[in-house]
Structures are given as C-alpha cells and as structure tokens.
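The values are calculated or read from the model by the stated rules, or taken from the named source; none is laboratory data. Quantities reported herein were computed from a predicted structural model and do not represent experimental measurements. Here the Cβ positions follow ideal geometry from the backbone for every residue, glycine too, while neighbour counts run over all protein chains shown.
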Amino acid sequence: MSFNRMEVLMFQRIRLLLCGLFFLWLASACGTQPAATPVPSPSPAATVDLPSITGVSLDRQEVPRYESLEITVALRAEYTNPYDARQVRLEGRFIAPDERQMTVPGFWDGETAWRVRFTPWQEGTWRYQLTVADRHGISAPAEGTFMVTPSDLHGWLQVGAWVNPAYSPHYLVYHDGTPFYGTGFCEALNILIDRFDAENGVLLFDNMKAAGANYVVWWPLYTNSPVSGRYDQYNVANLKMIDTIVADAQKEGIFLIFTIWDHPELRAKGHPWGNGNWERNGFSQLSDIDDFFTSEEAWAWQENLYRYVIARWSYSPAIGMWQTVSEINGTNAGAQTNSWHSRVNAYFAQHDPYRHPTTASMSGDVDWPEGHQVMDVLQVHLYDFHNGELQGDAVKAAEILARWTARMWQRADKPNWVGEFGMPGNSYYPELFHNALWAALATGAALTPAEWNSGGAWGRPTPEMYADIHRLARFVADIPLAQWNPAPLQIVSHNPHVRGWGLAGTQGGLFWVQDFSLEGQPLETVRQGLSVRHNVELEVQGLAEGTYQVSPYDTWQGVSLPAFEISCLAEQPCRIVLPDFKADMAFRLERK
C-alpha cells in the first residue's frame, strides 16, 4: 500500500501525540510529581566568636586534703574591664570522687593572670572543668584532673548541725566534724600590729598560737580596702596584702572573722558618730551614701565586689566567718538597715561555695532581733560594765555576759557570741576579762567574747589575758560541745554568795561557779577581799539520770583537780558538793 507525502506527515504527528499521552499516563501511574521550583538555600549564619580557655596551669598535681589548689588560666574573651563580672566571668566546676560537685568563681589577679582557687575535702582523683563567659556566650570547658592525698587537716568551720543533724546548732565544728571552740579577740584595725616579716609572717598569729587562741576579728577594708578610690577597679597592692594575711592565717591555723564592711567605710559627714571614711570609699564615685543602700546600680557593683571577695578568698579554711557589717547603726544605712543587711547576708549565704557562716552586729549593748533572724551566728557587742558609781564592775561582768549569751541562745537555734567587749586600758583586767570569758562559755557562747584591742587607750592583750585564754582553751579542748548537744542547766546554790551557769546533754557538759559576794565593790577590794569558799552545795536541774564523773578545774591556775562521782535521779535536782575554791571554778561533766 502506498501513501502520499501529506499522509505520511499526518501519520507521524499522530504517532508522536499517542506516545506523549502514553508516557504521561505512565508517569501518573508511577506516582511521580512534577519537579518543585528550586528554593535558594539560605546564606550561612554568621559565626559566633565564643570566648575560649587557651591555657591552664595547676600549681601542683597532688594536693593534701583541705590544702588549697591554685589554677592559673589564660583565656580569650571580649571585655574592657576584667573586674566587671557582667562583662567576663571565669568559673571552675570541681567534681569529687563521689561525684559531688562545687562551682567556684575565678578572678583576675590585677596583674598578669586569671586564677581559680579551690580547697578539696575528699581524697582521690578530682576532675575540673573551667569555662569563661562574655557577651557572646560560654566557652567550651577546659578539663583535667588532680589527686587529693590524706592529711591531718580538718577544713573550714561550719555550724554543727550543718555537718551532722545530730550535732548542736549552737556550736561550730570543722568541716570534717572535728570539735571546735573559738578562743580569741579583736585586732580589727591593724592585724599587723605585732609586725610582719617574710620569714615568720604575721607575728600576731604566732603570739596567738602560743596562747591557744585560734580566731581574730579583722577589718581588712579599714587599712587595705580593694575599693579604695574606685568601685570598678580594685587596688592591687591591697588585694595582695589580704592574700598574704589570709595565706599566713591558713598556714598557722588561725581563723579570721573577715569583715566586709566596718562602719567607718559606710559613714559620711554629718553622722551622729562623726565623720567616717565614705569619701575614701570607691563607691562614693558611683553614688551618694544614701543611694549606696538603695540604688540597683550600686547593688550591682556591690554584688561584683562580693563575688570577687568570694572568688579570691573563700577558698581558704582561714575564713572563719564573713562579718557582713560591723556596728551597722554606725553607718548611714538608716531606714535601710534591715533590708540591706538581709540582702548582703543572703548574697554570701547563696554564693559562697564553702558556705562560711555569716555574722553582723549593732553597736555596744544594742539588741538586734531582726538581724539575728537572718545571720548564721548571732552577735552582740558589750561595753557597759558600769554598776552604780563604779565605772567598771569586774565581778558583775559575769552576769552581764551570761544574760546576753542566754538571751541569744533562747532566741534562735544558732551559734552566738559577743563579737566585741571591753573597757579602755587594762585597769579592770584580768578580772573583768576572765569573768566574761568563763560566763560566756558556761551559758552557751560558741566563741569566747572578743575583747577590743587597737593599741592606744584600748591597750593590747597582756600576758595575763593570753594566759587566761590558754587556760580556757585547755579546759574546753576535750569537751565536744557540738557532739554532746547540750541544753542549759538550772543551778541553785545553797550559798547566797555563789552562783553558777552550765550546760549538759545526755553524754555530759560543763558548769562554772562564781563567788559574787564583792559585786559592786571597787576592783582593789575584790583583789584583796575574796576568801576560800568551803562545802558549797548546788542543786542542778537538767541532768539526765545516771552517774557522772565531775572534774574540777582551777580557772586561775589551769590545774585539773581530783575528779569525783555523783549520781542523778530522773526528774529530780542533782546534788553536788563542791571542793574548796576561791573566786570561781569550772567543772567538766561526763556521764559514765
């Protein structure tokens, strides 16, 4: 069959159309969809320039337990002020062998390096992770390990009940639970008053150790303020001096009551107490004195300072307590007294990784229940020892100390102490000093009252005062008060001229008796007129049923006398006949 040319072309077109329809049907049957229109890929995000840790150096790879490690850190970050934690923050996380963790802030040392200081509490291999943060974010961690070896050290101070719920909340212990009783005084204005040398360090600490004293109240900002002149840049020479004193205290086993704000630093012209040091305080460059206590910007810079203090010095077991403010009514806090104090106290309680206890005070003979509600260790100051026309009554001092100490004990389940006391000069010492120390111990103080010393009219600790501290320290050394968890005893003397105070738990305790027959008399009469007391009988309520060994102690000679036994019945006063004594005597009680 033949076709003409036109028919052939038509036939080819029909065949192409049918083939196209066939392939279209085939694609639909196989589930294929028409290709989507390509969408341009988004351009890559800008790279974030995170900070970084570029170098880490440990001062040693093996650290004895409760000794301190220092890590030097090199870092890269964006900041203009290394002291401003809102711009740059170095932190270290430390993981113990049992996986417990502690995060501590780092700090710029003011000269050449960033540093992190840390004190481990557990033997074994520790891990650390260091990070730095700036406005761009947080760096990747720099990680490593170090080894902690055994030691004979006991660590920093804690409230007894924080370490073991069975311990008393009224006393302090070491971090490992070892008993502690504070014996010391104030050297607030000049802790270097006994000199300092490169070989022996702070000579005051040597003198304290020789006398059995273990704590001192110190105002570091009074002479070595980090914020002298500026609030946003810290005085490097003063920082280094505080470093030196803290390190030497740690070496010597001395605990510092480290005062953040002494009252002159926060007192301006026109205050009833007279002019303070506000004009030299760097915060005066930021705001006036009133705004210091209320302004959020002032508070932000206070937080910055408190963080730095914690970063640089909280590592040390030598920090016995943070005294957030001394004699706050001597500052310009005014109506902000309680709210500002509460805020500062809360910052240290929440941000100090070692949780050193906090304390604070009003001035002499002023009660402060609102402050006591928030601080960890209740405190009062006592300077009024007048009795009628007597400027100072050395015998009555015992009753005054006992009354205030008992009040604080009853107010809260917390440790308490008299953070300052005394009289100018030493003319009423050692009797007033002696009676104050022993009365405070017998009524539940966690530390001896801190007699004020600063040279000049107030004098210095005398050999007799050091000897008194030493005798008390020896007596209390083997009485684990926190572990024994004592309660106050009620003591009635059959002799109207003898009184006593004491405390005991189910395992034992202590009490102290005093001949107060010459209360209200001049000190010369007291020194000449006291006679030996014979066969004084006490009735003591509060002792658990059982047999007790009673160990008398001559508080003036530091001599233990022959022990004797007593038996106590349930819910009945316990009768104790005392050995002969003159002036006063202490007794250790231990249930057999």
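Inside region 186-229, can you point out the residues that are within 17 Å of W278 (Cβ to Cβ) and in contact (Cβ under 8 Å) with a residue 40 or more places away in the chain?
Listed by number, the residues that qualify are W219, L221, Y222, S225, P226, V227, S228, G229.
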All but one of (1) surrounded by fewer than 22 Cβ atoms within 10 Å (Cβ to Cβ); (2) over 22 Å from Y429 (Cα atoms); (3) in contact (Cβ under 8 Å) with a residue 60 or more places away in the chain hold for A487; which doesn't?
(3)
Requiring at least 1 residues that are under 30 Å from L90 (Cβ atoms), outside the structural domain of A406 (by TED's automatic domain parsing) and aromatic (F, W, Y), the strands (runs of 3 or more DSSP E) wholly within region 143-220 are 172-174
Out of A96, A113, sole residue that is over 26 Å from V163 (Cβ atoms), not basic (K, R) and not assigned by TED's automatic domain parsing to the domain that holds Y315
A113
Mind counting the residues in region 84-137 that are more than 19 Å from S316 (Cβ to Cβ) and touching a Leu at 6+ places or on another chain (Cβ under 9 Å)?
9
Within the set of pairs 6+ apart or on separate chains, which have a first residue in region 560-581 that is free of Cβ contacts under 8 Å to residues at least 24 places away in the same chain, a second that is polar (S, T, N, Q), and C-beta atoms under 7 Å apart?
S560/S551; A563/Q549; A563/S551; S567/T547
Of the conditions (1) exposed (fewer than 15 other Cβ atoms within 10 Å of the Cβ); (2) more than 28 Å from T183 (Cβ to Cβ), K251 fails just one. Which one is it?
(2)
Can you tell me which residues in region 506-553 are of a type in the set (G, A, S), farther than 18 Å from L569 by Cβ and touching a residue at least 60 places away in the same chain (Cβ under 8 Å)?
G520
Filter the strands (runs of 3 or more DSSP E) completely within region 67-124 down to those with at least 2 residues that are among the hydrophobic types (A, V, I, L, M, F, W, C) and buried (at least 18 other Cβ atoms within 10 Å of the Cβ).
69-76, 89-95, 114-118
For region 290-334, which residues satisfy the criterion of being part of a loop (DSSP other than H, G, I, E, B) and either modelled with pLDDT under 95 or over 30 Å from D152 (Cβ atoms) (or both)?
F293, T294, S295, E327, T331, N332, A333
Single unsatisfied condition, V532 versus (1) of a type in the set (V, I, T); (2) assigned by TED's automatic domain parsing to the domain that holds E571; (3) in contact with a helix residue (DSSP H, G or I) (Cβ under 8 Å, 6 or more places away or on another chain)
(3)
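Residues checked against (1) touching a His at 6+ places or on another chain (Cβ under 9 Å); (2) among the β-branched types (V, I, T); (3) crowded, with 21+ Cβ neighbours inside 10 Å:
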{"residue": "A237", "(1), (2), (3)": "no, no, no"}
{"residue": "W273", "(1), (2), (3)": "yes, no, no"}
{"residue": "G276", "(1), (2), (3)": "yes, no, yes"}
{"residue": "T294", "(1), (2), (3)": "no, yes, no"}
{"residue": "Y308", "(1), (2), (3)": "no, no, no"}
{"residue": "R312", "(1), (2), (3)": "no, no, yes"}
{"residue": "P317", "(1), (2), (3)": "yes, no, yes"}
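For a quick check of your reading: which strands (runs of 3 or more DSSP E) sit entirely within region 496-578 and have at least 3 residues that are among the hydrophobic types (A, V, I, L, M, F, W, C) and surrounded by fewer than 13 Cβ atoms within 10 Å (Cβ to Cβ)?
Because the criterion is at least 3 residues that are among the hydrophobic types (A, V, I, L, M, F, W, C) and surrounded by fewer than 13 Cβ atoms within 10 Å (Cβ to Cβ), no strands (runs of 3 or more DSSP E) in region 496-578 meet it.
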Taking region 458-475 as the search range and keeping residues that are surrounded by fewer than 19 Cβ atoms within 10 Å (Cβ to Cβ) and outside any helix (DSSP H, G or I), which one is farthest from the chain's Cα centre (by Cα)?
T462
Check off (1) surrounded by fewer than 18 Cβ atoms within 10 Å (Cβ to Cβ); (2) under 26 Å from the mean Cα position of the chain (by Cα); (3) aliphatic (A, V, I, L, M) for L390 and give me the number that stays unchecked.
(2)
